[in-house]
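Reviewing the structure listed below.
The values are calculated or read from the model by the stated rules, or taken from the named source; none is laboratory data. A quick note: this is a predicted structure, and the numbers were derived from the prediction, not measured. Cβ placement follows ideal geometry from the backbone for every residue including glycine, while neighbour counts extend to all protein chains displayed.
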Amino acid sequence: MPAVKETIEDVRRLEADKYKYGFTTEIEQEFAPKGLSEDTVRFISEKKGEPQWMLDWRLDAYRRWVEMTEPTWANVHHPKIDYQDAYYYAAPKNASKYKSLDEVPAELLETYKKLGIPLREAEVLLGVEGAEDRTAAEAREAPRVAVDAVFDSVSVATTFKKELEKAGVIFMPISEALQQYPDLVRQYLGSVVPVTDNYFATLNSAVFSDGSFVYVPPGVRCPMELSTYFRMNAQGTGQFERTLIIADKGAYVSYLEGCTAPMRDENQLHAAVVELVALDDAQIKYSTVQNWWPGDAEGKGGVYNFVTKRADCRGKNSKVSWTQVETGSAITWKYPSCVLRGDNSQGEFYSIAVTNGRQQADTGTKMIHLGRNTKSRIIAKGISAGRSDQTYRGLVSVHAKAEGARNFTQCDSLLIGDQCGAHTVPYIEAKTPKAILEHEATTSKLSDDQLFYARSRGLDEETAVALLVNGFCREVLQELPMEFAVEAQALLKVSLEGSVG
Amino acid sequence: MGVIPQLSAFEAALAASLPAGDLRSVLESGGLPHRRVEAWKWSDLRGALARAPSGAGALTVDVSRKADQIARLDHQPDLLMPRLAAGLSDGCPVYDLQDGETLSVGFEAGEGASHHIAAVNVPAGVNAILRERYHAAPGGFANIALRIVLGEGASLTRIVEQDASPDGVLVVTTGIDLAARANMHQTTLGFGAKLARLETHVSHAGEGAQLSLGGSYLVASGLHLDQTGIVQHTGPNGATHELFKGAAAKGGRGVFQGKIHVEQAAQKTDAQMNHRGLLLADGAEIHAKPELEIYADDVVCAHGNALGAVDDEALFYMRQRGLTEPRARALLTRSFLAEPLEAIEDETVRDALLARLDAALEAVS
């Protein structure tokens, strides 16, 4: 594997520059007043020129949120979050179009460079004149990825818009969709994750700033992979994205989400909500690579990632597949789930979670079998290193009417070092004899024999560990789209920096 | 969440019977365990006792010999039910087992609520058998706590039989301490009650101790059996092997909660946990939560859990061989449930339990 050599270099680079993506771009921002109140909610809604029903929806969520208490059941520990000590809205002030790249503020360009976004793509993202046509021409030959960049809270620009329009696919910031397709948004928003679903989802419902909206019409196979780069910027700004993806009958869409965040000292709160709706025969593939700032070696700083992701396989024969590579964040609290409502619907969850340093991750999935002959498959790989703690928490529930349901779950944990923890907390509920549920879990350390073998072949310890870890995760890596598989492998290596010896 | 639960008349009376203090205030503030308490999410004790057992209960404890002493004993400080049992008992009979001894204890809970605590010591090097049998009459609620301590190199075979107790409620909480090289082999055979919970906590502190936890359950209509086992590995080189198998008939409910906790000091732990459940008909329910919590890296820990129905292919094969479907189903269910019982070394005990299982299967089918 040629990638191995990079590991050492990557790690060295990290020594000097600790976190490659840990930088803050200084551009003017427009803030909502600090703290959270009904006024904050009104401010956000007004900023976005939302219809009255949306404001009412948000206010209802806010009022309910005030009554709720923060959940404490997850196996994570952190100081109490002061919700009044954060900004709930920040938008880049200067979102207008540029005539050429020269006009684009240098800091902004630098951000894109560090993120590894090609210049041409950056041009489009920044709204440089004529860039879209040039890029579209080039893209005809190359594999295509459409990027909807969330630069802090407002989606700055959207690429490949025209291409998608031709196919009838709607892909735009949710704030724009609220203007252009209010009925569609209203029909589906909150239909998978209800306003009062949980503390953080309710908070998100009240103050969500932006996110992506995707609608794939009946029978359409989305012509390209859709992707969003979430970036948190602005000191002390929580991010509250709201993503809504609808695949109509017989549609197919693959959505990629990758995240990096700047380095900082204060903990950042991130409470996103992702809702997927798959109608009859539709298929959605949702892939995530998450490498937000995990905090320093002592666990100072880092992102609090409290996310609610849920898919509703509403139609018969629908299918949703979640794939995630979680290496970042100080604290992760995330359970991408599938409600298998339609007969013959399928849910999949493939996950790699790596924790190092002082990271804490409590992640897993829920598969709720309601329809007949529904199938679910869960493959979760957890790697704990350093002084980190990791929990797989999952629920497989088969209701009485879900005849012919089938579940297979496999959770494997790998411990590197004796200061970390790996936990498995599966919940299995069966209410029909006509279902088969299987669950397997193992916890072990890297095999000495395998390490010895690799080392006797001339690999140094770190390289050998990287090789074995990649092998351990192979089943999940295989599920990632090409664009992400490479990034994910690189991330695994970097994330385990300093865990050996 | 955040709401102070209203105590039922039964809970209030229970609290009032306790002396003022920590235990009483715990009960007053939270009541008995209910669905919102994570460890009891599938076994709603408060719900099962909604119709309060009337008056002080009559618990008949039938022991094969006299206790060696009566002591005052507290139970795990963080567990409400055994604390209540200790707090509401007059004293705790303590049995020091002799080498080769078989101690038999039968618990028969009559109408009303009763609490009891007992302790069993297995001194170093001693090899003994402990047999327990539990039954609760309709309207009866028994809350029983046991403390079992195994000395160095001691060996104990513990057999627990829980008779079907429709309309009875039973909670048995056992705390077991294993010293170095102790060897504990526990097997349960349970048939459920309106609500029955057999909860076992094992502290695996001694180096190289061996634990085998297992059992079979068969729950018929209206019966609920919860088997909860928490194993704490704190010493190195310990081994735990768990095999639980159960079947639920129409209207029956099985719950398995297992947790293996491995502390950082418990290196070289070998822990395996297995639970398999058969749902015999529509309307049966089985819930499982097999947990691992691992803080040591040089360990081998695994758990498996499978729920489903009798294998269609095996059924088909047997019917081809001329067996009727009910007969084939019964044979398959029997062989499935017998496995944990077959591991019992003592032949007499094993045969007795298998015979009880057969009788119960006959009644269900």
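Side notes on the structure shown:
- Reported count of residues in segment B:302-344, each being farther than 29 Å from A:Glu440 by Cβ and not hydrophobic (A, V, I, L, M, F, W, C), is 8.
- Restricted to segment B:212-252, and to residues there that are among the charged types (D, E, K, R) and not in a loop (DSSP other than H, G, I, E, B), the residue that is nearest to the chain's Cα centre (by Cα) is B:Asp226.
- Any hit, segment A:355-363, residues being basic (Lys, Arg) and over 27 Å from A:Ala464 (Cβ atoms): no
One line per residue, one yes/no per condition, for (1) more than 24 Å from the chain's Cα centre (by Cα); (2) surrounded by fewer than 17 Cβ atoms within 10 Å (Cβ to Cβ); (3) of a type in the set (Val, Ile, Thr):
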site: B:Leu7; (1), (2), (3): yes, no, no
site: B:Ala15; (1), (2), (3): yes, no, no
site: B:Pro19; (1), (2), (3): yes, yes, no
site: B:Ser29; (1), (2), (3): yes, yes, no
site: B:Arg36; (1), (2), (3): no, yes, no
site: B:Leu88; (1), (2), (3): no, no, no
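- Considering segment B:1-52, the qualifying helices (runs of 4 or more DSSP H), each wholly inside and each with 3 or more residues that are away from chain A (no Cβ under 14 Å) and either over 13 Å from B:Val169 (Cβ atoms) or of a type in the set (A, V, I, L, M, F, W, C) (or both), run over B:9-16, B:22-30.
- Highlighted here are the strands (runs of 3 or more DSSP E) found entirely within segment A:207-256 that include at least 1 residues which are within 18 Å of A:Ser191 (Cβ to Cβ) and modelled with pLDDT of 90 or more: A:212-216, A:242-247.
- Looking across segment B:254-299, the residues that are more than 7 Å from every other protein chain (Cβ to nearest Cβ), free of Cβ contacts under 8 Å to residues at least 40 places away in the same chain and among the charged types (D, E, K, R) come down to B:Lys259, B:Glu263, B:Lys268, B:Asp270.
- Failed item, numbered, when B:Lys268 is tested on (1) basic (Lys, Arg); (2) surrounded by fewer than 24 Cβ atoms within 10 Å (Cβ to Cβ); (3) modelled with pLDDT of 95 or more: (3)
- Considering the conditions (1) surrounded by 20 or more Cβ atoms within 10 Å (Cβ to Cβ); (2) more than 15 Å from the chain's Cα centre (by Cα); (3) closer than 27 Å to B:Ala58 by Cα, B:Ile148 is excluded by exactly one of them, (2).
- Filtered residues of segment B:53-97 (kept if in a strand (DSSP E or B), free of Cβ contacts under 8 Å to residues at least 60 places away in the same chain and either over 29 Å from B:Ile230 (Cα atoms) or not β-branched (Val, Ile, Thr) (or both)): B:Ala56, B:Asp62, B:Gln69, B:Ala71, B:Cys92, B:Pro93, B:Tyr95, B:Asp96
- Some residue of segment A:478-497 being more than 22 Å from the chain's Cα centre (by Cα), surrounded by fewer than 18 Cβ atoms within 10 Å (Cβ to Cβ) and not in a strand (DSSP E or B): no
- Scope segment A:39-80; condition of a type in the set (Gly, Ala, Ser) and over 30 Å from A:Arg358 (Cβ atoms); matching residues: A:Ser45, A:Gly49, A:Ala61
- Residue in segment B:61-71 that is closer than 20 Å to B:Gln186 by Cα and among the small types (Gly, Ala, Ser) present: yes
- Sole exception among (1) in contact with a Ser or Thr (Cβ under 6 Å, 6 or more places away or on another chain); (2) part of a strand (DSSP E or B); (3) of a type in the set (A, V, I, L, M) for B:Val149, by number: (1)
- Among the residues listed as A:Lys366, A:Lys381, A:Lys401, the single one being out of contact with any Cys (no Cβ under 8 Å at 6 or more places or on another chain) and not hydroxyl-bearing (Ser, Thr, Tyr): A:Lys401
- Hey, A:Thr288 over 17 Å from A:Val214 (Cβ atoms) and either polar (S, T, N, Q) or out of contact with any strand residue (DSSP E or B) (no Cβ under 7 Å at 6 or more places or on another chain) (or both) or not: no
- Single condition A:Tyr304 does not satisfy, out of (1) over 21 Å from A:Ala206 (Cα atoms); (2) modelled with pLDDT under 95: (1)
- Residue match in segment B:172-190 (condition: under 18 Å from B:Leu130 (Cα atoms), more than 14 Å from every other protein chain (Cβ to nearest Cβ) and of a type in the set (Asp, Glu)): yes
- Selected residue (criterion: nearest to the chain's Cα centre (by Cα)) from residues of segment B:300-317 that are part of a loop (DSSP other than H, G, I, E, B) and more than 7 Å from chain A (Cβ to nearest Cβ): B:Val310
- Within segment B:320-336, the presence of at least one residue that is in contact with a strand residue (DSSP E or B) (Cβ under 7 Å, 6 or more places away or on another chain) and touching a residue at least 60 places away in the same chain (Cβ under 8 Å) is confirmed.
- All told, B:Ser212 meets the bar of being farther than 17 Å from B:Val255 by Cα and touching a residue at least 40 places away in the same chain (Cβ under 8 Å).
- From the options B:Ala124, B:Ala142, B:Ala119, residue that is assigned to a strand (DSSP E or B) and either within 25 Å of B:Thr240 (Cβ to Cβ) or among the charged types (D, E, K, R) (or both): B:Ala119
For (1) farther than 30 Å from A:Gln390 by Cα; (2) surrounded by fewer than 22 Cβ atoms within 10 Å (Cβ to Cβ); (3) touching a Cys at 6+ places or on another chain (Cβ under 6 Å), each residue gets a yes or a no:
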site: B:Gln264; (1), (2), (3): no, yes, no
site: B:Asn274; (1), (2), (3): no, yes, no
site: B:Gly277; (1), (2), (3): no, no, no
site: B:Asn305; (1), (2), (3): no, no, no
site: B:Val310; (1), (2), (3): yes, yes, no
site: B:Glu313; (1), (2), (3): yes, yes, no
site: B:Phe316; (1), (2), (3): yes, yes, no
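- Qualifying residue in segment B:258-274 (condition: closer than 21 Å to A:Leu395 by Cβ, hydrophobic (A, V, I, L, M, F, W, C) and not in a helix (DSSP H, G or I)): yes
- Among the residues of segment A:172-193, those identified as surrounded by 16 or more Cβ atoms within 10 Å (Cβ to Cβ), in contact with a helix residue (DSSP H, G or I) (Cβ under 8 Å, 6 or more places away or on another chain) and within 20 Å of A:Val207 (Cβ to Cβ) are A:Ile174, A:Ala177, A:Leu178, A:Val185, A:Leu189, A:Gly190, A:Val193.
- Matching residues, segment A:416-449, being in a loop (DSSP other than H, G, I, E, B), over 18 Å from A:Thr365 (Cβ atoms), facing chain B (nearest Cβ under 7 Å) and not β-branched (Val, Ile, Thr): A:Gly417, A:Asp418, A:Lys431, A:Pro433, A:Lys434
- For segment A:380-438, the set of residues classified as basic (Lys, Arg) and under 30 Å from A:Ala330 (Cα atoms) consists of A:Lys381, A:Arg387, A:Arg393, listed by residue number.
- Given (1) more than 9 Å from chain B (Cβ to nearest Cβ); (2) surrounded by 20 or more Cβ atoms within 10 Å (Cβ to Cβ); (3) outside any strand (DSSP E or B), index of the condition A:Ile378 fails: (3)
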